[in-house]
Structures are given as C-alpha cells and as structure tokens.
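What follows is calculated from the coordinates using simple rules that are stated; it is not laboratory data. Computed from a prediction, not measured in an experiment: that's the story for all the values here. Counting neighbours? That spans all protein chains shown, and the Cβs are built from the backbone with ideal geometry, glycine included.
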Amino acid sequence: MYEENIRTLLTEEKWTRATLNSYTIPNFQELDAFLTKIDNTDDQLEVKSICDEHLQKNKNSIIALYISGCISLVRHSLDYNNLIILVEMFNDAKKWNIVEYLCSKILENNEDKYILRIMAACLEKLGREDDKFGIYERLVKVDFEEIDLIRLIAERYVTSGNNEKALIYYKKAMQRYINAQNFNAVKDVWSVFLKLIPTEFNYLLGITQRVSAKFMNERAIQLLNQLYEMAFSDNDIEHCIQVLKSILDLDSKNQSARDMLVDCYRRKYATHGRLDVCLENSNLTQSYRDVHSAIEDFEKNIAFDKGTFVFHKTWNIGRIRELNQDTVIIDFATKRNHSMSLGMAFSSLQVLPMNHIWVFKSAFPKEKLARKILTDVSWGLKTLIQSNANGASLKDMKTELVPAILTAGEWTAWSSNAKKILMNDPLFGFNPSDPEVCVVRDTPISYEEKSLGIFRNEKRFYQKVRIVREFLLNGGDPESEFFMEMVKYFIDQFSTYSSMNDQVVSSLLFVEALSKRYTFIQIPTNAGFKSFYEELSSVPMAFNAIDDSELKKAFIDNVEKIEDPLKIDKVLISLYPYYLTSYIMDMLKEKGKIKVIEDMFRNACTNYRENADLFTYLVRTYDWKFWDKKIKVRHDVLISSELQLLDFALNAIEAKKQANENRRIAKTLLAILFDERGIFEFIKTGSKESAQRVNFIVQRMQGLEKSKKIEVKHAILEKFPDFEFLGESLVEPEMVTSGLLVTSAKLKEKQEELDRVMNVEIPENSKEIGFALALGDLRENSEFKAAKEKQGILNSTMMRLTDELGKATVVNQENVDASKISFGTQVILKNNTTGNNETYQIFGPWESNPQENTISYLAPFGAKLLNHVVGEQFAFVINEQQYDFSVISIRAMEV
C-alpha cells in the first residue's frame, strides 16, 4: 500500500516539475502526515529503498530526499545525508523558513554541529538574535573545538547583567583555552575571574595548577602573582601565604616570594612571643636553607606558645603554662608544672589545635561531650576528621568514641546519621586515594568531583559505565579533569591487558563512542576492534558477558563492519539469543537474509530446550499467524514446543535447577498460553487429534496449577462434546512413580522420537484417516481400519514417551559414584560358582543391552548388583537360580 503511494507521489513530482521556490512548509507537513502512518520496519525499509532508487536518476527529488532522510532519522541511523542535501539546497535558494524547518527536523534527533551552524546563520538572516544565541549555546556543547564562541556567549550574558550564566561559559572557555595552550586568552579570562569571582579562591588556585601542567611554570607564576596582589589588597594573609607557598612549589629559588612569605608570617604572628626566635631557628630568612624544610620547621616551632594544648604519649593531654628560649613548663592532668627543654618538647610533644577531640575530652565532662556529639552529628564528624589530620575512616571514629564517650548502641545510631551526612553534605568528601577515609572540605564538593568519588568506589565494571553515562546525562562537565580521569580508566583497560575478554572490548567500544561526541578524547592508535575481536576465544560468550545494551549494539555494528561477508549471517545468528531485540533481525532483513531468519525461527522451535530464551522471546514477540505464514511453522507444532518447554521449565524449578531463569521462561509461557488465551485459541481452531495431544501434555505437567488443567479440559469439551480423554486413568498413579535415570544422549534421542511422533507421524496418520473416510463404507474399508489401529499405537507411544520423559533425570559425569555399583559404572565381578570374571555396565532401561552386558539398574539382576563395593562378596536368587559374586573393581564410565 505504502509502496504504491510513494511511487505515485514521486511520479506526480516529476510531472508537475515542483521547484525549490514553489515549496512551502505545508508541503513538508503533508509528507510528515504520510510518514507517520508508516510505523512498520519492513514498510519503512521498502519506502526508503524506493526513494533511494529514485534518487539515482533524479538526484534533486525533494520528496525522495525528504522521505529517505526522515526514515533514516526515525530509525536512528547516522546516515541522514539526504536531509542535509535538502537543507543545503534550500539554504542556497535563501528559503530561510524552510531551512529552519528542515534543520529543526534533524536537530530533534541529533545535535549535528554542521546543521547547528546552518541553523544559527539562518536565524541571523531572519533577525532572531536571541534564538541564534540559543543555537550557539547548543553548538558549544557538542563542538569541543569551538572556543571563541563560548566567550562571545559569556560576554553577552555580562552585558545583560547575568553574571552567574556568564561565569558558566567563561569557565568552559578557560578550560578550552588551557587545553588549546592559548595563554593570551587564558590571561584575558583570568582577569575577568579576578573581577567576577575573587572569593572563589580554591577554584582560582586550581586554574593555576592546570596552567602549570600545560604551560611553563613561569606562566602559572604570573597568574599567582596577580592572585597574591588581590589577596594582599584584601588583607587576606592566610590566602597570601597559600599563594606564596604555591609559587615556591613551582620555583623554590624565587627570593621575592620567600621574602614576601616571611613578611606575611610576621603579620600573622605579630603578637606571638617567639616569632623572631622561630624565624631564626628555621633559617627561613636565609637563602642558603632549603625553603620547604625551612617552612616546615618554622610552622612546627611557631605552634608552641603559651596556652597551647599538647599531647605526650605517657602523660597524655597538657597545656603550656610558660615558654622561654630554652624551657617549656607544661601542666598535665597527672603532672602539674612539668618542665622540659625546648628541644625535648619539640621531639616528644604533639601540638593540638583548640578544636581537637582530645582537647574536648580533657576539658569537658563525658556526659556533656557525648550529648554534644549525639545532638550535633555534623559537628562531631568535622571534629573527628580534622583531629585526624583531615582524614578519618568510620573505623577510626569508632575507636575514638567507643567506649570513651559513646556506648555501642549510641555509636550505631550516630554512625547511621553520620553516613547520611557524608553522602549528602557537600562540605564532606572522601580521600581520592582511599575511599574509606572521610575529609572535611573548605568549599562544597562539585557534582563532577562527587561523581568521580562514586566512580572510584565502584568495583563493578559495567556499573562504572553507567556512572559515566549518568554523569553526562545529569549535566556533568565532560571537559573537567574528573571526567577525564574516568575516561582514562577505560583507556587503561584496553591499552594494557593480560587476556582478551568482554571488558577489554567494552572499554574500547565505550571510549570510541565517547570520542565521537567529545573530540578531545584521544584513542591509542594501537587499539582496534578487529584485532580484539580476533583474540576472543568465544565471540558469543564474550558478547553474552557484556552487561550493557548500548555496548552490545556497538559490538554488533562493529562485527557487521569487519566480519567476513560469507560468515556474517552465522555470526549474527549466534549473537541473537544474547541480544533479544529487533536490531539483529532488522540488520538481516536489510541484507535480504530472509531464509536465514526463517531457519533461526525453525531451529529455535525444534530445539526449544537448547534455545529456551530465544524461543521464548520469539513466541512472545511474534504471534502464531506470523510463524504459520512467514516461517511456515504450523500452529500445532508451535503450541507443542511451547507446552513442552513450559513442562521442562516447571520441572527444572521444582528440581531447583537454574530456578530464576526457568521461572522467567515459565512466567512468559504461562502468560502466552493461558493469560492471553493462546492454548484456548488453538483448541478452538484445531482438530480433535491435536486437542488430544495438547491435553495429554497439559495433564502430565506436575508443576502446573490444577485449575489450568481443568480449564483446558473444559475448553476441549466445549469444542468436542464427545471427546474421550485417552489414558486419563493412568495419570494419577503414574504421577507418583519414581524418577528414571538416563544419559543425556538417550534423553535427546527420546525427545526427538516424541517430537517425530507428535509432529510428523500423528499428523500424517490424521491425513490417512481423513483419506480413508473419503472412501466411504467403513465396514469394508481396510484403509480406515489400518489407519485407526495405527492411531492407537501412535497415541500409546506418545503417552509412554511423554510419561517417561516427564520422569527422566539426566545423570551427568560428575554425578556418577564409582565408590559403589551404581548408574554409569562398569563393574568386574568374580563368579564364585564358575571361578570366571564377568564385566557389566550399569545403566537404565533406555540404554539396556543384555547382549553386550549393559544392564538396567531397574531389571531384577541389575537391582541386585546395586550399592555393593570393591572386595564385597554377596549372593542372591532370581527365578530359582543361585548367584554368588565378589566385587573385583568399579570404574565410572562416560555418560
């Protein structure tokens, strides 16, 4: 229907000679209305094929270009070049309203950089300045090589008085200028920051660190000098000291910075009684002394002052009472007015800040401190972390609090509240090198840094993939160093690996996908999917292990590109059970591989147990009419396979074998057969013989609810009032018989036999009966009598096989017990009557072959042999015959 419509449209276009100038937006809206009706994959592909074929002779066909391009967009294909050609045609014709319409169509599905630029230029022609800048903002989010445009957006926000928005874009511009190593532009934006965000000291200091990593240290020092001047003018001595230390980290010989640092220390400790002594002892003012060692000595010495709390490993907490050039006098709780030399004090005492937990322990009663910690959890957290050099785990905190301050019960409640604060309060974080260690932050943690912390803590590979996706989805900055550290994890995975596996391949696919979106991500040149693919020991197993649908899709796309065209169909079919969507099916359809698809359906139906997930998906997705008409699988064959798989799944659940997987399969099949009335629809349309087979399988399902069995009987009687339920009297007794031990080979053989009886011989017999009935007089009709006799034999065979299969339990190699005579063993017996050795193999009735001494464990003779061990002598009588044996040896056989 759609094929005819599209051909009509294309023919009309050719005859009416529609031109660019005569086209309007309503013309495209009419085509949109036509496209919305085509929602079937096959129809979409057929219509697109017609349009593409038409374009080979009519390359400027507006209708063909538009419909082909739109179908590509709907199908999420990256090849929508026909729409881009159309945009360029109308852009050259200066039909701006149509250019905007077509660009919007593309941009609804893809943030295409080229189309965004055309759209911006079009909006400029239309005089829509605000809308143009809106497109610019979208463009800079996807074009990571664009820098100057970001700055232009920022300047526009400054002009409009929106500094908050302006800073977002200035910060993006700064990051890109640093990456592009454009120092002049970095200096310009730096000047803006000093005016707009002088209080964001840590952010500004962080910029200088990034500049030092990308440029020479001298350039970072230029920025630090400006930051120092700003802090000095604000009389912010602490920040001045921090900046000067950063300068000396980059240039330890910088005498100017050293002199200014001494000056800042003099200002900070102007009232300290020992300032000059500490400066002199540390040699900070002497250029010959290493500046970093001098700073460390000075800060350690200056910490000693009258009133300072200290800790001694023997006398615990004390407080300095007096301090002179040579001596320190300290009041400890158990040793008042204790005197020690200054040198001894420096080496044996630890200076404690006033807010240290040990100070609080010594200064306040236990009950008061406990009440404070319990009622102000944030204060307690901060105190404990900062008391441990700004790095404490919950284990460290428990050691400090229990039992000295809190009881075990109080700790449980407190730690629960503390964990919530640690996860939600941006002023708390975790140590990057040890995620168990909590830290207190000077400034709130950013979303980017918090995401990186979560990423580091996560051990599961595919969960790490999801964290990165979530990061980008929630607006995380992909140009931040936090994002790049996450990306580096995946690059390292495929750059250095010991063995090829799903995670190595997935890392490559993930980074490749990110690099297409973020062009600044560089992939090592020695990594490639083709070489990785060839290293995989099992492609389907590796593919199955990939726990991410997008990466599975990317894997399939890459396989399609690099695999041998003669093998690709087989490979795609092997992957299909592990990616149960229409994607592989559509790919095969596009290649015209209809027979391959049909064979896959038929194989899944025939070998339903080996392809349980695939078969379940196919019957869930495609109804029986599709199977019958497209795949040529009869309705009765399909129902039979569904029921037998359901029976198998229910038995497996009962036996606790792969219970979760089989519950899922059983749930799906029960929904199709009973909730959606599939089995009842079949009974209504099927024959009496097919109803007999269905009923027989259903009634013997031990795990099926009795109500469903009764419902099936009612449906059959409603269609066939005179229906005779064959073998019904045998059902109850046989349901309680013992199991049947079998080998997997024999089980498969019997399943194939039952399948042949039910799906080939019985249907053929039904045709024979129908043919015989057509011959007339049944009294003299030998064909009819023979066919009916055969029907009875076939029904009995079906019942017997179904019953036996229902009781069958496969014995695997690891289940064979060779410590005694049992199923799957070969035994050598000494016949004590004749003196000869006799060898027997013990199996079940299906494998039994007395002529080759293969004995069934259920036969009288086999049953008497069971459970005897090597060296044992035993005797028994069967049918008045005496047997006397000794067990020589027992070994396990291959089963």
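The long axis of helix 481-495 is offset from the longest Cα principal axis of the chain by roughly 50 degrees. Residue separation of Leu196 and Glu718 scaled by 0.36 nm, minus their Cα-Cα distance, works out to 179.5 nm of gained length.
Note on Lys419: lysines with a C-alpha under 30 Å away, same-chain residues under 8 apart excluded, are Lys361, Lys366, Lys368, Lys372, Lys382, Lys395, Lys398, Lys450, Lys459, Lys464, Lys488.
Would you mind checking Lys132/Lys171; Lys719/Lys790; Lys629/Lys807; Lys48/Lys667 for any pair whose Cα atoms are more than 30 angstrom apart?
Lys629/Lys807; Lys48/Lys667
Note on Lys629 and Asn184: the extension gain reaches 153.1 nm, defined as 0.36 nm multiplied by sequence separation minus the Cα-Cα distance. Over all other residues within a Cβ to Cβ distance under 12 Å of Ala413, the charged ones net out to +1, with Lys and Arg as +1 and Asp and Glu as -1.
Per-residue 3J(HN,Hα) values for the range 828-839, derived from phi via the Karplus relation 6.51 cos²θ - 1.76 cosθ + 1.60 with θ = phi - 60°, read 9, 10, 8, 7, 5, 7, 9, x, 8, 8, 10, 10 Hz in sequence order (x marks Gly and Pro). Note down the magnitude of the dipole of the range 812-870 about its Cα centre, charges +1 on Lys and Arg C-beta and -1 on Asp and Glu C-beta and zero elsewhere, to the nearest 20 debye. Value, rounded to 20: 240 debye. Helix 41-55 and the longest principal axis of the Cα set of the chain meet at an angle near 70°.
Database remark: amide H of Thr327 closer than 5 angstrom to the amide H of Leu342 (H placed geometrically; neighbours at sequence offset of 5 or more, or on other chains; Pro and chain starts carry no H). The protection proxy used here, the mean number of other Cβ atoms lying within 10 Å of each residue, ranks peptides 626-632, 550-556 as follows, highest first: 550-556, 626-632. The angle separating the long axis of helix 461-473 from the principal Cα axis of greatest extent in the chain is about 60 degrees.
Annotation: amide H of Ser889 within the under-5 Å range of Ile828, sequence separation 5 or more or interchain, hydrogens built in the peptide plane. Close amide H partners of Phe332, meaning residues 5 or more places away or on another chain with modelled amide H under 5 Å apart, are Arg319, Asn337, His338.
In summary, the aspartates and glutamates within cross-link reach of Lys141, defined as a Cα separation below 12 angstrom excluding same-chain residues under 8 places away, comprise Glu111, Asp112, Asp477, Glu479.
If R0 equals 45 Å, the separation of the Cβ atoms of Thr314 and Thr412 corresponds to a calculated FRET efficiency of about 0.85. Under the simplified labelling scheme, the Ser498-Arg289 pair shows an inter-label distance of 5.0 nm, with each label point 7 Å from Cα along Cα→Cβ. Modelled spin-label separation between Asp259 and Ile562, with each label point placed 7 Å from Cα along the Cα-to-Cβ direction: 6.3 nm. Could I have the simple spin-label model distance between Asp42 and Asp326, label points 7 Å from Cα toward Cβ, reported in nm to one decimal? Each label point is offset 7 Å from its Cα along the Cβ direction, giving 10.6 nm.
Going through [x] 27.4; [y] 33.7; [z] 37.0, the figure that equals Kirkwood radius over Cα pairs in Å as computed for the structure here is [z].
In order along the range 597-612, the Karplus-derived 3J(HN,Hα) couplings, from 6.51 cos²θ - 1.76 cosθ + 1.60 at θ = phi - 60°, round to 5, 4, 4, 5, 4, 5, 5, 5, 6, 6, 9, 5, 6, 6, 10, 4 Hz, and Gly and Pro are given as x. From the phi angles alone, apply the Karplus equation (6.51, -1.76, 1.60; θ = phi - 60°) to the range 56-62 and give each ³J(HN,Hα) in whole Hz, x where the residue is Gly or Pro. Listing the rounded values in order: 5, 10, 10, 5, 9, 5, 5 Hz.
Subtracting the Cα-Cα distance of Asn27 and Thr581 from their residue separation scaled by 0.36 nm leaves 195.9 nm.
Looking at the square roots a ≥ b ≥ c of the eigenvalues of the Cα gyration tensor of the range 447-586, which shape do they give, rounded for a/c under 1.5, prolate if a/b is larger than b/c, or oblate? It is prolate, given that a/c is not under 1.5 and a/b is the larger ratio. The magnitude of the dipole of the chain, with charges of +1 and -1 set on the Cβ of Lys/Arg and Asp/Glu and taken from the Cα centre, is near 1960 debye.
Put +1 on the Cβ of each Lys and Arg and -1 on the Cβ of each Asp and Glu in the range 813-892; which of Phe885, Ile842, Ala859 then has its Cα farthest toward the positive end of the dipole? Looking along the dipole axis, the top candidate is Phe885. Only one residue of Leu673, Val437, Ile357 has its Cα farthest out toward the positive end of the dipole of the chain, where Lys and Arg carry +1 and Asp and Glu -1 on Cβ, and that residue is Ile357. Assuming R0 = 22 Å, can you tell me the calculated FRET efficiency for the pair Glu764 and Lys684, based on Cβ-Cβ distance, to the nearest 0.05? Step by step, r from the Cβ atoms, then E = 0.40. Given R0 = 30 Å, the distance between the Cβ atoms of Glu610 and Val869 translates into a calculated FRET efficiency of 0.20.
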